[in-house]
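The values are calculated or read from the model by the stated rules, or taken from the named source; none is laboratory data. What you see is a predicted model, and the numbers here were worked out from it, not measured in a lab. Reconstructed Cβ throughout: ideal geometry from the backbone, glycine too, with neighbour counts over all protein chains shown. The area values use the complete protein model at the heavy-atom level, side chains included, leaving out ligands, DNA and RNA. Shrake-Rupley method; radii C 1.70, N 1.55, O 1.52, S 1.80 Å.
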Amino acid sequence: MLSAWFTFLLFKFLRECAGEPLFMLFRAVKQQVDKGPVDAITSEARYSLSEEKLIRQSIDFKPMTVYVSISQQAVFVSGLDPNTENVPVKVLDCDTISQVKEKALDTIYRATPYSQRPRKDDLDLEWRTGASGRLILYDEDTTTKTEGEWKKRNTLNHYRTAEDGELEVRISLR
């Protein structure tokens, strides 16, 4: 009852005064955490604020920039401005495919409310490897490496994606 009362009384304050600074704080913390590796399963991060969620082991990673376009069908479905060709997205070579999709969506839909943008699970990430070469990237596929009973998630490094690589986000066919 008390929490409902606080919610009712604080709504106007949060909406008019504190909402934007809290969102800016969230974006700043997220940007810092994303500068280093983040475990896709446990959400432990190299640059975490919480000591309990800190990756303690040394992980080799390389920051890189990829250029992401969004397919015309995804533009039509989402109602996004169609001028989204080759948007530079900062990623790490150790990011899983889902993490790359999330970072691309965060960059492309920066000014769009989260509730109005497509879900990463509804999209595929396609690597354009030249004039006609296209490869859809997955977290797990037939090339996924296994160590004992554990499977490693596929990363940009797994697919040997180069710096300045061209990727396209498209509606999933699955």
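Details
- Apportionment of accessible area to carbon and sulfur, the chain, percent (1.4 Å): 55 percent
- Sequentially through segment 134-150, phi angles give Karplus couplings (6.51, -1.76, 1.60; θ = phi - 60°) of 9, 9, 7, 9, 10, 5, 9, 8, 6, 8, 4, 7, 10, 10, x, 9, 9 Hz, Gly and Pro residues having no value and appearing as x.
- Interchain or long-range residues, amide H under 5 Å from Ile136's placed H: Trp127
- Among Leu156, Leu49, Leu14, residue whose mean-square fluctuation peaks in a GNM of the chain (springs only between Cα atoms under 10 Å): Leu14
- Take the Cβ atoms of Lys145 and Ser43, set R0 to 30 Å, and the FRET efficiency comes out at 0.85.
- Environment charge at Lys62 (Cβ cut-off 10 Å; Lys +1, Arg +1, Asp -1, Glu -1): -3
- Computed over the chain, relative contact order equals 22 percent, with contacts defined as Cα pairs under 8 Å that lie 6+ residues apart.
- Net charge of neighbours whose Cβ lies under 15 Å from the Cβ of Glu52, counting Lys and Arg as +1 and Asp and Glu as -1: 0
- Per residue of the chain, the DSSP helices (runs of n ≥ 4 H) give a summed -39500 (n - 2.57) that works out to -8000 deg cm²/dmol at 222 nm.
- Within straight-line cross-link reach of Lys90, aspartates and glutamates at Cα separation under 14 Å, skipping those fewer than 8 residues along the same chain: Asp34, Glu102, Asp106, Glu163, Asp164, Glu166
- Residues whose amide H falls under 5 Å from that of Val87, counting only those 5 or more places apart or on a different chain, are Val68, Ser69, with hydrogens built in the peptide plane.
- In order along segment 34-45, the phi-based Karplus estimate (6.51 cos²θ - 1.76 cosθ + 1.60, θ = phi - 60°) of 3J(HN,Hα) comes to 6, 6, x, x, 10, 5, 5, 8, 9, 6, 6, 10 Hz; Gly and Pro are listed as x.
- For segment 93-148, the convex hull drawn through the C-alpha positions has a volume of 128 cubic angstrom per residue.
- Per residue, the accessible area of the chain comes to 69 Å² when a 1.4 Å probe rolls over the protein heavy atoms.
- Under 14 Å, Cβ to Cβ, from Leu22 - net charge with Lys/Arg +1 and Asp/Glu -1: +1
- Members of Lys53/Lys152; Lys12/Lys120; Lys12/Lys103; Lys12/Lys35; Lys101/Lys151 lying beyond 27 Å, as alpha-carbon distances in this model show: Lys12/Lys120; Lys12/Lys103; Lys12/Lys35
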